[in-house]
Amino acid sequence: MITLPPVNWLSLLPSLILTVAGILVLFWDLWMKEEERPLLAWLGLTGLVLTGVVSFGLLGRNESAFNGMLALDSYALFFNLIFCLAAGMTVLMSIDYLETTDIRPGEYYALILFATVGMVLMAAATDLIVIFLGLETMSMAVYVLAGIWRQRLQSNEAALKYFLLGAFASGFFLYGVALVYGATGSVQLGKVAAYVSEYGSSPLLLIGVALLIVGFGFKVAAAPFHVWAPDVYEGAPTTVTAFMAVGVKAAAFAAFARVFLHTLGPIHAQWQGILWILAALTMTVGNVTALVQTNIKRMLAYSSIAHAGYLLVAMVAGQDLGGAALMYYLVAYGLMNLGAFAVVLAVGRKGEPNEEFSDYAGLGFRYPALGMAMTLFMLSLTGVPPLVGFIGKFYIFSAAVKAGYVWLAVIGVLNSAVSAYYYIRVVVNMYMYEGEKVPEFLSARPALATAIILAAVGTVLMGVFPSASIALARASFLSLG
Amino acid sequence: MVSAIVFTPLFAALILLMLPPEDEEGARRLAFGASLLTFVISLGLLAKFESGTADFQFVERFAWITDFGIQYHVGVDGISLFLVLLTTFLMPLVLLASWDDVHKHVKEYLFFFLLLETGMVGTFVALDMFLFYVFWEVMLIPMYFLIGVWGGPRRIYAAIKFLLYTMVGSLLMLVAILYLAYQYNAQHQTVTFDLLRLYDLKLSLIEQKWLFAAFALSFAIKVPLFPFHTWLPDAHVEAPTGGSVILAGVLLKMGTYGFVRFAIPLFPEAAHAAVPIIMALAVIGIVYGALVAMVQPDLKKLVAYSSVSHLGFVVLGLFAFNVQGVEGAVYQMLNHGLSTGALFLLVGVIYERRHTRLISEYGGLWKQVPLYASIFMVVMLSSIGLPGLNGFVGEFLILLGTFRANPLAAILAVSGVVLGAVYMLWMYQRVIFGPITNEENAKLVDLSRREVMIFVPLLAMMLFMGLYPRPLLTRMEKSVEATLARVNVLRQASPEQSRRAQHEQLPNSIGATHASPLQTAPKLIAER
């Protein structure tokens, strides 16, 4: 009789639920009638909500599984909540959107679930190879999602670009893993950490670390590895763009922060200089380029680059405060960015995406609720109190100032001032220009409306009463030990 | 009670959103009622205020964001009390003034005004740096909408300029606030944003200078101090009447209030070091503002530049660092709020009738609208500081204080008073006196009863504050002295520093050590 080695099934539970849900979606799709297909969305959503609830329930556990390859800690579980938020909102937003496109729901929802599995693995991985597996699982699904609107040329272009550059970046990452292995003799984060704290750094290790930065930098769209982002974000279906901008970025940062802030923490001084430059560059490139955009999706693409820059500031700051700030900011960014994309979807309709700034003229007074929601998201992205985006920035810049990076904080706030210009331009268009056309885009779309309301309520409530979520983020980061 | 003043307008604003959009009259009544209620509550503050102490009164304090030691901490002292009152006093008048003026998106207009009131009052009463920053920023957004949606032809440009200017300043201040909090953390092992605790923070001179620069930039933009004033004329000209009144009446005071509450007492040594620069900028602002105001063809622009000049006086008084100067400055903040607010309202009245603000379009109005002309005259005289009206008391105290600190600055500033009289009287002459040159003006109607109701309280306050300043000055006195004690304590603490300071600023430090005859001046005025 074959005896199974002891397996910590609990550590796999979140990814198992998602995998099962994804497979169910795929199979159910084969048998169901054409008009029942939207039900798949609800199945996917159920899986995501269940994963979220399970992750929330497991918060506070701190276990290692599979011989130190996976961890079941609050850090990973907190990130699971972000992934479920991103994927769940994406599904809510997709229900009506898919009907206006030629995307088949079966593959679409299944791929979203499988991508989320990859994300969950990345956050939980305590082994560089498992991180790579998670990264690839996620990326493969997202490559396909970017091009899933097959009839649309830009969508194909986005997929191809993303795939080619992404494969290249994966190569960098893998080579970095190999060099780290060569230098430290292990790919397990725990052993690497032990080596680093005992022997410090070596040239070989540092080259490996630099290559890891390139790999992660690509996935989080940090300058100068960001050039793919605007084209891919603009070309991909809008819901996928939202998913990439929030989910993929959060997953990449989950692994990035675990490896750098925790494992490579002892040699912080060796890598923070590079990240300092990357952070300053990413914020500035993102914000300055966003200034001249006239397409709102493209603007949001550059804005997401800029936000990656703020997140890098948290990485540079490091320590407990920086790590917690990073996690908190990802939630904040997720809420407001998903909300903004949901509004973009609400304004678009079949055959007429309405994605130019000028399409928003006069929207605010004609659709007060929608206008107000978009205003909230834009102000929150700018960082105006008392919205969640402000608390997030406050947290990050606090960490930077506390760690002594005052000038980086100054660059950060000046960038926020720059970003005010383009975010506010959306508001200007909505309220201060009269619209020429009177598009009737707002037929009842309850799922989409739910997504917008959720994001708006979260943006306000987490901004006005941030105490609980801040405490949760801090406790989760501290679980890394 | 303080929280009630802060949040009543916000609460009303949220109710307003639920009203049906057709019900404009109901929305106006609700907003006006709410602002009136807020004013009544703030009168309670005045009634229960104790003038014998410099402590903050009506303090409310509870934990807000525990991880950062951030508290909801509000209270008033003799300085902020009157600024709160000014805000709540002007608000109903402004809403009354826009009754027939604004017809586009009325509900939203009122919503933003109420939101603005919450932001303004909150800024004046916040005693936690974080809370202060929140209110400070919250206030920007409604003002931006008011200018951008209900403003004149170049409103969008003006609104964005206003927003970006003020935002750059305040974001740098945010970094400075964070630095303060973590410096406190380094010294006391606990993070706090509590202003009263941060006052005790020990900072090196170089740190103080950087931090003071960050705070001062933010406040100087808001004041606005020359050369950061360029957003002001644009914003004023394009803003709707109500927006201009609040902008001039209250928002500009936040800059000067910021100096006296935060920048100066938090960084006293840096503030001393900055005196020559800031005084120079203030004097330039006074003279420059007056000269530019003189040549403006547009009434609103004229009043806007006069604000630059008047606020220069306030800053001058603050940086005199003596009781007369600072009291005069606080007093002048209130005066400017009343008289410039009234001037903008008056311009609004004729703009509503004629749809032009060009001085050359008017002339000979006294015959056609005598009531308007006489009210205009009182307001104009109050603005130029005629004895017997409020403007005189403030300007006199400021000049007195400034003279003791820096005679040259006082002498130069006096020229601003003269120039102020010139441009105001000349404008009044061109608009009101003479024969009617423009046919259109012959059809003008005088003030309606509603409009008279707006101006009566304003005129009453101008007279009261001009003739009997004592009740206000006595309530301010302790708080002003406490602020000054924070600034001047350093030079007594270290003899070497004090010697250097005496060397540099002889008249000021004499005042600090010996009771000079001039020190009795506010009492003299108070007893008039």
>> Take B:Phe135 and tell me if it is under 30 Å from B:Leu45 (Cα atoms), open to solvent by less than 30 Å² (accessible area, probe 1.4 Å), in contact with a Gly (Cβ under 7 Å, 6 or more places away or on another chain) and at the interface with another protein chain (Cβ under 9 Å from one of its Cβ atoms).
In response: yes
> Taking the stretch B:144-154, which residues are more than 7 Å from every other protein chain (Cβ to nearest Cβ) and either farther than 16 Å from B:Lys300 by Cβ or not hydrophobic (A, V, I, L, M, F, W, C) (or both)?
Replying inline: B:Tyr144, B:Gly151, B:Gly152, B:Pro153, B:Arg154
> B:Val191: at pLDDT 85 or above, surrounded by fewer than 22 Cβ atoms within 10 Å (Cβ to Cβ) and within 14 Å of chain A (Cβ to nearest Cβ), yes or no?
Replying inline: yes
>> I'd like to verify a number: residues in the stretch B:411-423 that are aliphatic (A, V, I, L, M) and touching a residue at least 40 places away in the same chain (Cβ under 8 Å), how many?
In response: 4
> Any idea which of (1) without any contact (Cβ under 8 Å) to a residue 24 or more places away in the chain; (2) within 14 Å of another protein chain (Cβ to nearest Cβ); (3) surrounded by fewer than 23 Cβ atoms within 10 Å (Cβ to Cβ) is the one B:Leu171 doesn't satisfy?
Replying inline: (3)
>> I'd like to check which helices (runs of 4 or more DSSP H) are fully inside the stretch B:231-342 and have at least 3 residues that are at pLDDT 90 or above and either outside the structural domain of B:Leu472 (by TED's automatic domain parsing) or open to solvent by 10 Å² or more (accessible area, probe 1.4 Å) (or both).
In response: B:252-258, B:268-294
>> Please count how many residues of the stretch B:194-208 are more than 28 Å from the chain's Cα centre (by Cα), crowded, with 19+ Cβ neighbours inside 10 Å and part of a helix (DSSP H, G or I).
In response: 0
> B:Phe111: in contact (Cβ under 8 Å) with a residue 60 or more places away in the chain and either under 29 Å from A:Val426 (Cα atoms) or assigned to a loop (DSSP other than H, G, I, E, B) (or both), yes or no?
Replying inline: yes
> Quick one: in the stretch A:341-362, which of the residues that are assigned to a helix (DSSP H, G or I) and small (Gly, Ala, Ser) is modelled with the highest pLDDT?
Replying inline: A:Ala342
> Among all residue pairs at least 6 apart or on different chains, which show Cβ distances below 8 Å where the first residue, located in the stretch B:426-451, is over 17 Å from B:Leu299 (Cα atoms) and the second is open to solvent by less than 90 Å² (accessible area, probe 1.4 Å) and acidic (Asp, Glu)?
Replying inline: B:Glu440/B:Glu361; B:Arg450/B:Asp100
> Is it true that B:Leu116 is more than 12 Å from chain A (Cβ to nearest Cβ) and either among the β-branched types (Val, Ile, Thr) or part of a helix (DSSP H, G or I) (or both)?
Replying inline: yes
> Could you say whether any residue in the stretch B:360-377 is under 18 Å from the mean Cα position of the chain (by Cα) and modelled with pLDDT of 85 or more?
Replying inline: no
>> Being within 11 Å of B:Ala320 (Cβ to Cβ) and of a type in the set (A, V, I, L, M, F, W, C) is the filter here; which residues of the stretch B:379-418 pass it?
In response: B:Leu397, B:Ile398, B:Leu399, B:Leu400, B:Phe403, B:Ala405, B:Ala409, B:Ala410, B:Ala413
>> Anything in the stretch B:73-88 that is touching a helix residue (DSSP H, G or I) at 6+ places or on another chain (Cβ under 6 Å) and either farther than 17 Å from B:Leu247 by Cβ or surrounded by fewer than 24 Cβ atoms within 10 Å (Cβ to Cβ) (or both)? List them, or say none.
In response: B:Val74, B:Val76, B:Asp77, B:Gly78, B:Ile79, B:Ser80, B:Phe82, B:Val84, B:Leu85
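The values are calculated or read from the model by the stated rules, or taken from the named source; none is laboratory data. What you are looking at is a predicted structure, and each value in this text was computed from that prediction instead of being measured. Every residue, glycine as well, gets a Cβ built from its backbone with ideal geometry; the counts of neighbours run over all protein chains shown. Calculation scope for accessible area: heavy atoms of the full protein, side chains included, ligands and nucleic acids excluded. Shrake-Rupley method; radii C 1.70, N 1.55, O 1.52, S 1.80 Å.
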